[in-house]
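What follows is a single structure, written as structure tokens, with notes after it.
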Number of protein chains: 2
Amino acid sequence: MNKHLLLILLFFSTLGFSSQAQEAIFRAQNIISPEINADATVTFRLHAPNAKAVQVTGDFLPSVKIETPRGLMDGPGKADLVKDDNGVWEFKSQALSPELYSYSFIIDDFRTTDPSNPFLIRDVASVTNIFIVGKGQADLYRTQDILHGTVARRWYDSPGLSMDRRITIYTPPGYEKSTEKFPVLYLLHGAGGDEEAWIALGRTAQIMDNLIAEGKVKPMIVVMPNGNVIQDGAPGEGSEGFYKPAFMIPKTMDGTYEGAFSDIIKFVESNYQVKADKANRAIAGLSMGGYHSLHISRYYPNTFDYVGLFSAAIMAREDATGKVYSDFDASLKAQMDNGYKLYWIAIGKTDFLYDANKEFRTKLDGMGMKYTYVESEGGHIWRNWRVYLTQFAPQLFK
Amino acid sequence: MNKHLLLILLFFSTLGFSSQAQEAIFRAQNIISPEINADATVTFRLHAPNAKAVQVTGDFLPSVKIETPRGLMDGPGKADLVKDDNGVWEFKSQALSPELYSYSFIIDDFRTTDPSNPFLIRDVASVTNIFIVGKGQADLYRTQDILHGTVARRWYDSPGLSMDRRITIYTPPGYEKSTEKFPVLYLLHGAGGDEEAWIALGRTAQIMDNLIAEGKVKPMIVVMPNGNVIQDGAPGEGSEGFYKPAFMIPKTMDGTYEGAFSDIIKFVESNYQVKADKANRAIAGLSMGGYHSLHISRYYPNTFDYVGLFSAAIMAREDATGKVYSDFDASLKAQMDNGYKLYWIAIGKTDFLYDANKEFRTKLDGMGMKYTYVESEGGHIWRNWRVYLTQFAPQLFK
């Protein structure tokens, strides 16, 4: 190592810290957390000599029953870390099944991120750390050494909402050099999400790259718009700047978005090499995005051959009074009569929307509208929505 | 609010917490931090009833002299938050000049992020919160209600490095619909950075959008590659998966990257509508990227009409023995003799690379190689590199 390099290293490793703090800094910088062990256990570590108690909480721990105003509910478990003589706290998990997990630390009742793990995902206003364990399903969430699609953040003009709006678009490997036309999946986020949700929490690019490489999914374009009509872009990415993201956002489920959805289709079909017909359009969404997919696919009743409702927030709403909702039954029947190839409904057994989905299926049964129904374990969680995408996408455009 | 909505709100607001913890949770969720006040002061808040001491540290505070193994150095200041009866800690800053700032909290000597602020940027392995104050220069870093370019994460084939590699590319507003050809700025990151550095820490998309909208910068494509030849993508984005990012990465300054840089130019010029000539190519970089820009621009001595060295890590290295470095003086002279429009050198007065840059300018003076020199306040910091980009880009392709 030459003199200049040493100077740089010293500069960056000492900046802002007194010399007596060097050892502590060195220890904190050298901590590996989380460490994914060969036996699929995971070790969490935290350097916090002054803390009285440190816990880790996350979806990798067995859920526990928690008392809430609604009665006992499932909540994420917690585990205690144990401190060693150097002030490093540690906890080793059970062997975990293949999955992308998220977690936080709780230090003396204060919930925070793991300073040793720079991989974080925002979900509404919460930021948590993530890690991946194992092969199998988890390999679908990894960036593998295969061909990759492109992920673009673009802005489209929405005359229906009188604004330019940000949108995330995945194009499959080789798209730019291809003269082919591709089918399109419109993939919609839930309440509190935005055009970043599916690409970040949903691992959409990794899932599509991997399933396309395996030959299980047809190369397609995936369009991830922002369903909050009062925003031009995700919090921090739009012209409103940085502000605390909210879970409930005005006007998200009053028909405005569904009514203006044709702007998005028009943008995609005039800017991308796409097969612009019903047989090559799919729409799917999670939670609120499932609600949107239900309504958009029947409001434009001869537009989509593939519809996916992932834990859909199916509900009668008092503010759902506009044109989009006025002919629910008639337009649903029109959609049925026009025909489609797949109407796919998936929900977890413990999802709080389970009954609402059951009610909706009864309605569909009553009118003779065909659908495929998948019931999974678990509740209203991203783990399920990633799995649903890996199950839904292979059925498209075949 | 109807019954279903209420159910959703309850579900999300109570999940995982016991009822007696409701008030604390509610308080924590409703904290606004940082709050940018009308008088340009900023209020920081943290709910941590069990903490004994809370500080905020960041580049918005006056720097302080800190004892290090190299002697007294400038380091970020710290300020104490004061606790109220509800366990909410608070600190209000002085009025701040327009800028994008970053900060962390220190809770009982444990450095962590602000849980009320989901806007975070990773720099090497550290994650800090950010906020923007004021107008003027700071407005260049905001997403404004103007036309926006597209930011794409793509993968290109690098035969010189025998791998597919991830790259970030900004195309200006209207690019996709245009039949025009555009000039290209290659913008290189520093040690420990990657293809995410300029777009995240550098606010490149916002800066370009704003300066193009003001008519101060010509519409151009900005190419942000990864200068770490052993990576195919940024930590967490490449096939190595999630791992703790390092500041010093092997083979970053041994000539391999410079030697294979033609792969990037070839990819850009065969995949984008670009003017593929010297008059329409610029290259600039910060720190290690300045070193790369220096060497790439002279190794391909008739390729770039515009060169920018931002706080360049100009240094003689023992591992710089290969073909790229073997004819430093001759190729630099060739570059000079071939001519160029701008050779722009910028550095802060307190930058630890100040002397190395001075030495290099003496060399250039000695051989009669012309350059423009800009000396700013401050040191080796992102604040300067964003400013340098806003100063350099308007001079290009005129």
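Residue by residue through segment B:272-288, note down the ones that are away from chain A (no Cβ under 14 Å) and part of a helix (DSSP H, G or I).
Residues satisfying the conditions are B:Lys278, B:Ala279, B:Asn280.
Quick check: is even one residue across segment B:342-365 within 18 Å of the chain's Cα centre (by Cα), closer than 28 Å to B:Ile207 by Cα, of a type outside the set (A, V, I, L, M) and not in a helix (DSSP H, G or I)?
yes
Looking at segment A:68-76, is at least one residue more than 12 Å from A:Ile106 (Cα to Cα), modelled with pLDDT of 95 or more and of a type in the set (Lys, Arg)? Step through it out loud before you land on a result.
Step one: filter segment A:68-76 for residues more than 12 Å from A:Ile106 (Cα to Cα), giving A:68-76.
From what is left, the residues that are modelled with pLDDT of 95 or more are none.
No: segment A:68-76 contains no residue that is more than 12 Å from A:Ile106 (Cα to Cα), modelled with pLDDT of 95 or more and of a type in the set (Lys, Arg).
If only one of A:Tyr325, A:Tyr343, A:Tyr373, A:Tyr354 is among the hydroxyl-bearing types (Ser, Thr, Tyr) and closer than 20 Å to A:Asn280 by Cα, which one is it?
Details: A:Tyr325 fails: closer than 20 Å to A:Asn280 by Cα; A:Tyr373 fails: closer than 20 Å to A:Asn280 by Cα; A:Tyr354 fails: closer than 20 Å to A:Asn280 by Cα.
The match here is A:Tyr343.
Identify, from the list B:Lys65, B:Lys83, the residue that is modelled with pLDDT under 90 and in contact with a strand residue (DSSP E or B) (Cβ under 7 Å, 6 or more places away or on another chain).
Numbers: B:Lys83 fails: modelled with pLDDT under 90.
Answer to the check: B:Lys65.
Which one of these does B:Val127 not meet: (1) more than 14 Å from B:Gly58 (Cα to Cα); (2) out of contact with any Gly (no Cβ under 6 Å at 6 or more places or on another chain); (3) outside the structural domain of B:Gly190 (by TED's automatic domain parsing)?
Every condition holds for B:Val127 apart from (1).
Return the only residue of A:Phe352, A:Phe392 being crowded, with 20+ Cβ neighbours inside 10 Å, touching a residue at least 12 places away in the same chain (Cβ under 8 Å) and within 14 Å of another protein chain (Cβ to nearest Cβ).
Details: A:Phe392 fails: within 14 Å of another protein chain (Cβ to nearest Cβ).
Within the list A:Phe352, A:Phe392, the selection yields A:Phe352.
What residue, of B:Ile221, B:Ile265, B:Ile249, B:Ile212, is touching a helix residue (DSSP H, G or I) at 6+ places or on another chain (Cβ under 8 Å), of a type in the set (Val, Ile, Thr) and buried (at least 18 other Cβ atoms within 10 Å of the Cβ)? Spell out how you get there, then give the answer.
On the way: B:Ile265 fails: touching a helix residue (DSSP H, G or I) at 6+ places or on another chain (Cβ under 8 Å); B:Ile249 fails: touching a helix residue (DSSP H, G or I) at 6+ places or on another chain (Cβ under 8 Å); B:Ile212 fails: touching a helix residue (DSSP H, G or I) at 6+ places or on another chain (Cβ under 8 Å).
Checking each option against the conditions leaves just B:Ile221.
May I ask you to list the residues in segment B:104-140 that are among the charged types (D, E, K, R), within 8 Å of another protein chain (Cβ to nearest Cβ) and not in a strand (DSSP E or B)? Working first, answer last.
Here is the first cut: in segment B:104-140, the residues among the charged types (D, E, K, R) are B:108-109, B:111, B:114, B:122-123, B:135, B:139.
If we keep only those that are within 8 Å of another protein chain (Cβ to nearest Cβ) too, we end up with B:108-109, B:111, B:122.
Matches in segment B:104-140: B:Asp108, B:Asp109.
Which numbered condition in (1) touching a Leu at 6+ places or on another chain (Cβ under 9 Å); (2) closer than 30 Å to B:Pro115 by Cα; (3) among the hydrophobic types (A, V, I, L, M, F, W, C) is the only one that A:Val151 fails?
(1)
For the structure I just gave you, tell me whether B:Arg298 is farther than 19 Å from B:Met248 by Cβ, in a helix (DSSP H, G or I) and either of a type in the set (Gly, Ala, Ser) or in contact with a helix residue (DSSP H, G or I) (Cβ under 6 Å, 6 or more places away or on another chain) (or both). Lay out the reasoning, then the answer.
Values: farther than 19 Å from B:Met248 by Cβ: yes; in a helix (DSSP H, G or I): yes; either of a type in the set (Gly, Ala, Ser) or in contact with a helix residue (DSSP H, G or I) (Cβ under 6 Å, 6 or more places away or on another chain) (or both): yes.
For B:Arg298, the condition - farther than 19 Å from B:Met248 by Cβ, in a helix (DSSP H, G or I) and either of a type in the set (Gly, Ala, Ser) or in contact with a helix residue (DSSP H, G or I) (Cβ under 6 Å, 6 or more places away or on another chain) (or both) - is met.
Hey, does segment B:147-164 have a residue that's within 13 Å of another protein chain (Cβ to nearest Cβ), touching a residue at least 40 places away in the same chain (Cβ under 8 Å), part of a loop (DSSP other than H, G, I, E, B) and among the hydroxyl-bearing types (Ser, Thr, Tyr)?
So far as segment B:147-164 goes, no, none of its residues is within 13 Å of another protein chain (Cβ to nearest Cβ), touching a residue at least 40 places away in the same chain (Cβ under 8 Å), part of a loop (DSSP other than H, G, I, E, B) and among the hydroxyl-bearing types (Ser, Thr, Tyr).
Please indicate, with yes or no, whether at least one residue in segment B:153-176 is buried (at least 18 other Cβ atoms within 10 Å of the Cβ), touching a helix residue (DSSP H, G or I) at 6+ places or on another chain (Cβ under 6 Å), within 30 Å of A:Ser162 (Cα to Cα) and hydrophobic (A, V, I, L, M, F, W, C).
No, segment B:153-176 has no match at all.
Over 17 Å from A:Trp155 (Cβ atoms) and within 12 Å of chain B (Cβ to nearest Cβ): is that true of A:Pro235 in this structure? Can you show your working first?
Values: over 17 Å from A:Trp155 (Cβ atoms): no; within 12 Å of chain B (Cβ to nearest Cβ): yes.
Answer is no for this residue.
Quick check on segment A:32-55: of everything there that is touching a Pro at 6+ places or on another chain (Cβ under 9 Å) and assigned to a strand (DSSP E or B), which residue is surrounded by the fewest Cβ atoms within 10 Å (Cβ to Cβ)?
Ranking the candidates gives A:Thr43 first.
If A:Gln55 meets every condition in (1) modelled with pLDDT under 95; (2) closer than 22 Å to B:Pro49 by Cα; (3) not hydrophobic (A, V, I, L, M, F, W, C) apart from one, which number is that one?
(1)
Quick one: A:Gly192 ticks every box in (1) farther than 28 Å from B:Asp139 by Cβ; (2) at pLDDT 95 or above; (3) assigned to a loop (DSSP other than H, G, I, E, B); (4) not charged (D, E, K, R) except a single one, so which number is it?
(2)
Report the residue count in segment A:231-243 for those that are buried (at least 17 other Cβ atoms within 10 Å of the Cβ), more than 16 Å from B:Ala200 (Cα to Cα) and of a type in the set (D, E, K, R).
Here the count works out to 1.
Of everything in segment B:84-99, what is part of a strand (DSSP E or B) and either touching a Leu at 6+ places or on another chain (Cβ under 9 Å) or among the aromatic types (Phe, Trp, Tyr) (or both)? Give them in sequence order. Quick ask: steps written out before the conclusion?
Going residue by residue through segment B:84-99, those that are part of a strand (DSSP E or B) are B:88-92, B:99.
Answer for segment B:84-99, where residues must be part of a strand (DSSP E or B) and either touching a Leu at 6+ places or on another chain (Cβ under 9 Å) or among the aromatic types (Phe, Trp, Tyr) (or both): B:Val88, B:Trp89, B:Glu90, B:Phe91.
Does segment A:139-152 hold any residues that are crowded, with 22+ Cβ neighbours inside 10 Å and of a type in the set (Gly, Ala, Ser), and which are they?
A:Gly149
Report yes if some residue within segment A:85-101 is under 22 Å from the mean Cα position of the chain (by Cα), closer than 21 Å to B:Ala28 by Cβ, within 12 Å of chain B (Cβ to nearest Cβ) and buried (at least 17 other Cβ atoms within 10 Å of the Cβ); otherwise report no.
First, the residues of segment A:85-101 that are under 22 Å from the mean Cα position of the chain (by Cα): A:96-101.
Pick out the ones that are also closer than 21 Å to B:Ala28 by Cβ and you get none.
The answer is no; no qualifying residue exists.
Within segment B:175-196, track down each residue that is of a type outside the set (Val, Ile, Thr) and more than 13 Å from chain A (Cβ to nearest Cβ). Let's see the steps before the verdict.
Just the residues of segment B:175-196 that are of a type outside the set (Val, Ile, Thr), to begin with: B:175-178, B:180-183, B:185-196.
Within segment B:175-196, B:Glu180, B:Lys181, B:Phe182, B:Pro183, B:Leu185, B:Tyr186, B:Leu187, B:Leu188, B:His189 qualify.
Within segment B:322-337, track down each residue that is in contact (Cβ under 8 Å) with a residue 12 or more places away in the chain and assigned to a loop (DSSP other than H, G, I, E, B).
Within segment B:322-337, B:Gly322, B:Lys323, B:Val324, B:Tyr325 qualify.
Considering each of A:Met208, A:Met253 in turn, give the residue that is within 24 Å of A:Gln391 (Cβ to Cβ) and within 14 Å of another protein chain (Cβ to nearest Cβ).
Values: A:Met253 fails: within 24 Å of A:Gln391 (Cβ to Cβ).
Within the list A:Met208, A:Met253, the selection yields A:Met208.
If we keep just the residues of segment B:303-345 that are within 14 Å of chain A (Cβ to nearest Cβ) and at pLDDT 95 or above, which is surrounded by the most Cβ atoms within 10 Å (Cβ to Cβ)? Steps first, answer last, please.
Taking segment B:303-345 as the starting set, the residues that turn out to be within 14 Å of chain A (Cβ to nearest Cβ) are B:311-321, B:325.
Subsequent filtering for residues that are at pLDDT 95 or above retains B:311-313.
On the way: B:Ser311: 29, B:Ala312: 27, B:Ala313: 26.
Looking at the filtered set, the residue picked out is B:Ser311.
Before we move on, is B:Gly378 surrounded by 18 or more Cβ atoms within 10 Å (Cβ to Cβ) and closer than 30 Å to B:Phe60 by Cα? Talk me through it step by step, then tell me what you get.
Values: surrounded by 18 or more Cβ atoms within 10 Å (Cβ to Cβ): no; closer than 30 Å to B:Phe60 by Cα: yes.
Spelling it out, it is not the case that B:Gly378 is surrounded by 18 or more Cβ atoms within 10 Å (Cβ to Cβ) and closer than 30 Å to B:Phe60 by Cα.
For segment A:66-73, does any single residue satisfy the condition of being free of Cβ contacts under 8 Å to residues at least 12 places away in the same chain and not in a strand (DSSP E or B)? Steps first, answer last, please.
Kept after step one, since they are free of Cβ contacts under 8 Å to residues at least 12 places away in the same chain, are these residues of segment A:66-73: A:66-73.
Now restrict to residues that are not in a strand (DSSP E or B): A:69-70.
Within segment A:66-73, one or more residues are free of Cβ contacts under 8 Å to residues at least 12 places away in the same chain and not in a strand (DSSP E or B).
The values are calculated or read from the model by the stated rules, or taken from the named source; none is laboratory data. In this text, all values refer to a predicted model and were calculated from it rather than measured experimentally. Backbone-built Cβ (ideal geometry, glycine too); neighbour counts: all protein chains shown.
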